[in-house]
1. Compute the signed sum of charges (Lys and Arg +1, Asp and Glu -1) over the other residues within less than 12 Å, Cβ to Cβ, of B:PHE151.
2. Over chain A, what is the relative contact order in whole percent, taking alpha-carbon pairs under 8 Å and six or more residues apart?
3. Rounded to two decimals, what is the ratio between the C-alpha radius of gyration of the protein assembly as shown and 2.2 N^0.38 Å?
4. So if R0 is 51 Å, what FRET efficiency would B:ARG37 and A:ALA19 give, r being the distance between their Cβ atoms, rounded to the nearest 0.05?
5. Put +1 on the Cβ of every Lys and Arg and -1 on every Asp and Glu Cβ in the protein assembly as shown; which of B:VAL71, A:THR72, A:PHE123 then has its Cα farthest towards the positive end of the dipole?
6. Does the range B:61-126 come out rounded, prolate or oblate by the C-alpha gyration tensor, with a ≥ b ≥ c the root eigenvalues, rounded set by a/c under 1.5 and, if not, prolate when a/b is larger than b/c and oblate if not?
7. Taking each residue in A:195-208, count the Cβ atoms of any other chain within 10 Å of its Cβ, then average. What number comes out?
8. Along the charge dipole of chain B, pointing to its positive end and built from +1/-1 on Cβ of Lys, Arg, Asp and Glu, which listed residue (B:TRP81, B:ASN127, B:LEU139) has its Cα farthest out?
Amino acid sequence: MSAIPLDLDNTLERPGERAPLVLGKSDLASITEQVCEIAERPRPSREWWLAFGTSASLTFVLFAMLGYLFWTGLGVWGINQPVAWGFAIINFVFWVGIGHAGTLISAILFLFRQKWRTSINRFAEAMTIFAVICAGLFPAIHVGRPWFEYWLAPLPNQMQMWPNFRSPLLWDVFAVSTYFTVSLMFWYMGMVPDLATLRDRARSKIRQIAYGIAALGWRGSGRHWHRYERAYLLLAALATPLVLSVHSVVSFDFAVSQLPGWHATIFPPYFVAGAIFSGFAMVLTLLIPVRHIFRLESLITPRHLDNMAKIILATGSMVGYSYIIEFFIAWYSGNPYESFTFLNRALGPYAWSYWIMFTCNAIIPQLLWFKRLRQTPGLLLVISIFVNIGMWFERFVIVVTSLSRDFLPSSWGVYWPTWVDLLTFLGSFGLFFTLFLLFLRFLPIVAMAEVKSVVPAAGLELGPHRGHGQYWGEIPHQHDEENER
Amino acid sequence: MSSHAEEKGRLWGLLAEYETVPAVLEAAARVRDAGYRYFDVHTPIPIHGLDEAMGIQVSRLPWLVAGCGAVGASTGLLLQWWTNAVDYPFIISAKPYFGLPAAIPVTFELTVLLAAIGAFVGMLVANGLPQFFHPLFRLERFRRASNDRFFISIEARDPKFDPRATRALLESSGGRPVLEVEG
């Protein structure tokens with residue numbers, strides 16, 4: 001089989017032709033080798049240790065801040081009346097938003113038969129899991145007395161009380177924990193065949209046992225694959241509404257309240273678009289360096305980056321549209337409190353944060369209309385970082401401006417984070433990157449079995465193609481006709 | 001599973017190796033048509049069309065998932081109604097004790113959660129996983145089943161199994177090499 005040249009421009013659309021999704025040598029064994037080699041290096045590079053040392057230190061800072069918080073109490077944070085939510089909820093919404101890309105790629109793009117997802121889904125799903133872990137941390141510490149966390153669950157207790165199911169905050173508990181569980185199962189299930197590959201290649205006893213246990217004894221059986229594919233399709237179908245529901249429910253935390261700037265029907269779609277926007281930005285932020293460091297350019301091709309950039313452009317435009325329509329509705333509603341809130345956002349004491357948000361989210365991603373920019377990884381990286389910053393500030397704007405100036409001027413206040421707030425937020429990045437670096441070191445970072453099924457060696461070019469998904473046409477064999485009769 | 005490997009003492013079955021997808025598909029269909037029931041195909045990737053080539057019945061997993069989803073939905077609704085409207089009714093923000101719109105998010109989440117667990121656990125249980133040992137793992141060559149080669153295994157417990165005839169079938173279908181697997 002002739003290898004496809006590595007510098008082929010596979011972003012071009014040729015009618016009636018499928019763009020190759022894997023460049024370079026694309027037989028099954030070389031894909032295995034390329035991906036497994038990363039997890040099989042005898043020792044990590046110096047850069048890995050440097051990154052791991054930094055992020056592990058930041059994780060230590062996070063735990064130190066948590067210890068200080070639990071020891072002293074919520075007073076160490078900048079929260080006050082009226083701004084009782086502050087950094088904890090901003091960070092929660094920020095991280096859970098980032099956690100949307102993985103399951104979107106693995107579920108929605110799977111149902112839409114977007115085969116380019118195969119190179120990046122493992123990576124994005126891992127990022128999702130780690131982001132949701134960081135997200136879950138913040139409401140958990142925000143309750144103030146985390147040892148009473150079990151009150152959130154409908155457990156029989158000595159007070160004979162139950163949680164209040166009419167509160168969106170409780171819906172959120174169910175939404176985020178379900179999302180985490182389902183994403184974890186989806187991720188792990190997708191990884192089982194690849195873990196079996198690592199098990200079969202393992203030379204040391206420890207690796208054989210560790211990957212052997214993780215692979216559950218997978219042996220590529222056709223009967224197993226049949227149920228596996230069914231289960232994968234079902235999980236994708238279940239995860240698709242779930243992805244859309246999670247950030248909708250998060251937005252209910254705001255929208256179900258009465259506060260001007262929060263009490264808006266646009267919130268669920270606006271939050272979901274923002275979540276996908278920020279999630280894809282974080283995928284690009286992580287993917288571009290990893291692709292470069294591990295020489296994965298043949299698997300994660302310019303077409304993958306181009307597609308992700310287009311999704312960022314689309315969702316970024318939706319977010320920008322929401323920002324503008326919020327202003328229109330504030331004026332059109334004739335509600336003076338609503339109008340004031342939005343003028344206050346753009347011109348009030350926190351106007352700087354509003355304009356950071358607007359520039360990073362609504363203006364900078366518009367550069368992605370230019371194809372040349374979509375194909376310059378360095379520039380994409382810079383734009384994706386701007387999006388990450390902008391989306392954090394979006395949550396800052398929503399939480400802080402609405403809470404600090406609500407209906408009565410007598411109850412207005414000012415919010416500033418303390419050093420504990422800032423270090424806790426920084427520490428959550430440490431936790432995220434620590435988990436991520438461990439993932440890069442020990443697990444298959446590209447879904448090998450799935451990528452293998454979109455390359456020509458999988459037999460795609462043989463027989464009439466059915467036109468959807470990784471399917472190979474009819475079986476070239478005479479008994480089929482008899483069966484049909 | 002291997003306790004019935006009677007014919008040749010400890011022979012578990014035969015394993016044939018194929019290099020390409022069309023080759024293994026065709027061979028699987030021939031093994032199916034020869035009337036074997038205890039045979040399997042081992043591939044590094046899911047192959048569409050293999051189900052027909054092997055004569056696999058469509059999985060009933062979706063019914064299990066639907067059942068789990070129904071349990072999740074009814075649990076969600078009953079839990080919210082019973083805890084907030086029956087066992088400990090309390091008025092908050094003048095909301096009704098139980099209102100369907102407010103109950104939808106939790107009901108939806110529990111539906112998805114239980115259905116997803118049903119799909120994942122159901123798939124593993126139906127596949128008999130985890131199963132950490134299998135006679136095929138004895139073969140060094142079988143390790144390529146998770147890399148770049150395709151295999152067909154026929155178990156000795158199959159009523160049609162005959163060491164020589166079965167080997168001849170696998171060889172004539174293009175299996176190179178055909179190996180014996182110890183039980």
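Computed from the coordinates by the stated procedures, all read-outs in this text should not be read as laboratory data. Predicted, not measured: the structure shown is a model, and the values here were computed from it. When we count neighbours, we look across all protein chains shown, and the Cβ atoms used for this are built from the backbone with ideal geometry, even at glycine.
1. Taking every other residue near B:PHE151 into account, the sum is +2.
2. Values: 639 pairs, mean separation 142.3, N = 485.
Rounded, it is 29 percent for chain A.
3. Working: Rg = 27.6 Å, N = 668, 2.2 N^0.38 = 26.1 Å.
Normalised Cα radius of gyration, the protein assembly as shown: 1.06.
4. Numbers: r = 43 Å, r/R0 = 0.84.
Working from the Cβ atoms, E equals 0.75.
5. My answer, from the dipole projection, is A:THR72.
6. prolate
7. On the way: counts 1, 5, 7, 1, 3, 9, 4, 1, 0, 0, 0, 0, 0, 0.
Average neighbour count from other chains, rounded to a whole number: 2.
8. B:LEU139
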